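Q: Structure below; questions to follow.
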Amino acid sequence: MDDLYTRFQIARPEYLGDDHWACVEREADRLWRSLAADDGAQALSDIKCLVESISRIVLEIDGNPAAPNIAFDAVVTQAHTLLTGQPGRELANQSTFGQLATQASKIARNLGNIRNEFGGGHGRARTPDLRDEMVALALDGGLLWSRWALRRLGYFSEGRPTPLINDLVTGEIFHGGTLERRLLAANLPRLDPRHQRSIGVAVGQRVMRGTFVVRRDGLEPSLESDDLSTWPRDYRIGLTYGLWFDPTGGLTLTARSLEDALRVLAPVPDCAADLADWVARIAERRFPGGLSDEFTASLAAEQFVRRWTPFRPAEEHPALMALAELVKPEPPF
């Protein structure tokens, strides 16, 4: 019996919540009990339910729960599509391996019809002709997709915008590489722009609270890369806002955060409207003058903005020139 349990065991992915894992585990336990009782027909129903549970969890974590009456093959297809493009350093997304996962999903989608024709849970007038190999094939196929989906689901869960933003805002401790991995799992280029921006804001504001690891994993890579497909426009826009304003709208603008923000925005073709809004907010919250007690740092910040301006679109120039005036230091006496 222990060998049977080991053969059909599944592993809990990291970052999957307790409630969701409890649902998966319950279906897996039912499957194990059916196999232990040598009830192949019921095992077919149970493997179908395991696949469906995982699929519904994927859609719920994505924020679009499946309708109660959605067809089984449709919910599996939607979940598979979401998980297929999930990035992760240990995940194989190359075409050949992706094709293997797709083939596994085709097997999994057939489990609904198999359960209806051969599975338990139906009051039948005649017992279907169910061979051992039929049960073994269905179980092998369903478990292949389930294990693949659960591996992906760990990355998918940790990269969801809401928990990631919450951890940044509430002061969750990020160890070296943790935020880098979670930003990769978030799949920023494929997120809704509003989520890209919200994550950027949370990262920027956490940087301004002095969290070195967040600066290294969330800010510095976007400073070093002009790639908008990796660090998209709205993430950069949100990051800039977070470097200049705290959650209450108060100013956190410093000579360093000013320069960092403008460098983050360098690959963005045009952000004139956002810049104009930010500069207007800055003007409302501070008097013209240096950004610090150190004259040379403030002067360097002002000169940086003025040197930066000619390289930006003409539509941004009025906001940038106004920003330069706002950070211009008073001459020392």
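Q: Within segment 226-261, how many residues turn out to be polar (S, T, N, Q), at pLDDT below 95 and under 25 Å from A185 (Cβ atoms)?
A: Residues flagged as polar (S, T, N, Q), at pLDDT below 95 and under 25 Å from A185 (Cβ atoms) within segment 226-261 amount to 2.
Q: Considering segment 54-70 alone, what residues qualify as being loosely packed, with under 12 Cβ neighbours inside 10 Å and among the aliphatic types (A, V, I, L, M)?
A: Within segment 54-70, just A67 meets the criteria.
Q: Also: Which residues, taken from segment 266-281, are in contact (Cβ under 8 Å) with a residue 24 or more places away in the chain and in a helix (DSSP H, G or I)?
A: Result: A272, D274, L275, A276, W278, V279, R281.
Q: Out of E315, E330, E259, E294, which single residue is in contact with a Phe, Trp or Tyr (Cβ under 7 Å, 6 or more places away or on another chain) and either under 24 Å from T211 (Cβ atoms) or touching a residue at least 12 places away in the same chain (Cβ under 8 Å) (or both)?
A: The conditions single out E259.
Q: Based on what the data block shows, is E302 in a helix (DSSP H, G or I) and farther than 21 Å from H195 by Cβ?
A: Considered against the rule, which asks whether it is in a helix (DSSP H, G or I) and farther than 21 Å from H195 by Cβ, E302 comes out as yes.
Q: For segment 242-265, give me the residue count where each residue is assigned to a helix (DSSP H, G or I) and of a type in the set (S, T, Y).
A: 1
Q: Could you pull out every one of the helices (runs of 4 or more DSSP H) wholly within segment 1-104 that has 3 or more residues that are at pLDDT below 90?
A: The qualifying helices (runs of 4 or more DSSP H) are 2-7, 18-36, 40-61.
Q: If I filter segment 16-23 for residues that are surrounded by fewer than 21 Cβ atoms within 10 Å (Cβ to Cβ) and either touching a strand residue (DSSP E or B) at 6+ places or on another chain (Cβ under 6 Å) or among the polar types (S, T, N, Q) (or both), do I get at least one hit?
A: Checked against the condition, which is being surrounded by fewer than 21 Cβ atoms within 10 Å (Cβ to Cβ) and either touching a strand residue (DSSP E or B) at 6+ places or on another chain (Cβ under 6 Å) or among the polar types (S, T, N, Q) (or both), segment 16-23 yields no hits at all.
Q: Shifting gears a bit: Would you confirm, using the coordinates I've provided, whether L130 is among the aliphatic types (A, V, I, L, M), more than 17 Å from A149 (Cα to Cα), at pLDDT below 90 and not in a helix (DSSP H, G or I)?
A: yes
Q: Sticking with this structure for a sec: What number of residues in segment 209-240 are within 12 Å of A261 (Cβ to Cβ), touching an Asp or Glu at 6+ places or on another chain (Cβ under 8 Å) and crowded, with 20+ Cβ neighbours inside 10 Å?
A: Adding up the residues that qualify gives 3.
Q: For segment 137-226, which helices (runs of 4 or more DSSP H) that fit wholly inside it have 3 or more residues that are without any contact (Cβ under 8 Å) to a residue 40 or more places away in the chain?
A: Passing ranges, in order: 161-170, 178-186, 193-207.
Q: From the list R307, R263, R286, exactly one residue is within 21 Å of W231 (Cα to Cα), within 37 Å of the chain's Cα centre (by Cα), among the charged types (D, E, K, R) and in the same structural domain as T248 (by TED's automatic domain parsing). Which is it?
A: Only one candidate qualifies: R263.
Q: Assuming P193 fulfils every condition listed in (1) under 25 Å from A300 (Cβ atoms); (2) in contact with a Lys or Arg (Cβ under 8 Å, 6 or more places away or on another chain) apart from one, which condition is it?
A: Looking at each condition in turn, P193 falls short on (1).
The values are calculated or read from the model by the stated rules, or taken from the named source; none is laboratory data. Since the model is a prediction, treat every value here as computed from it, not as a measurement. We place every Cβ from the backbone using ideal geometry, glycine too, and count neighbours over all the protein chains shown.
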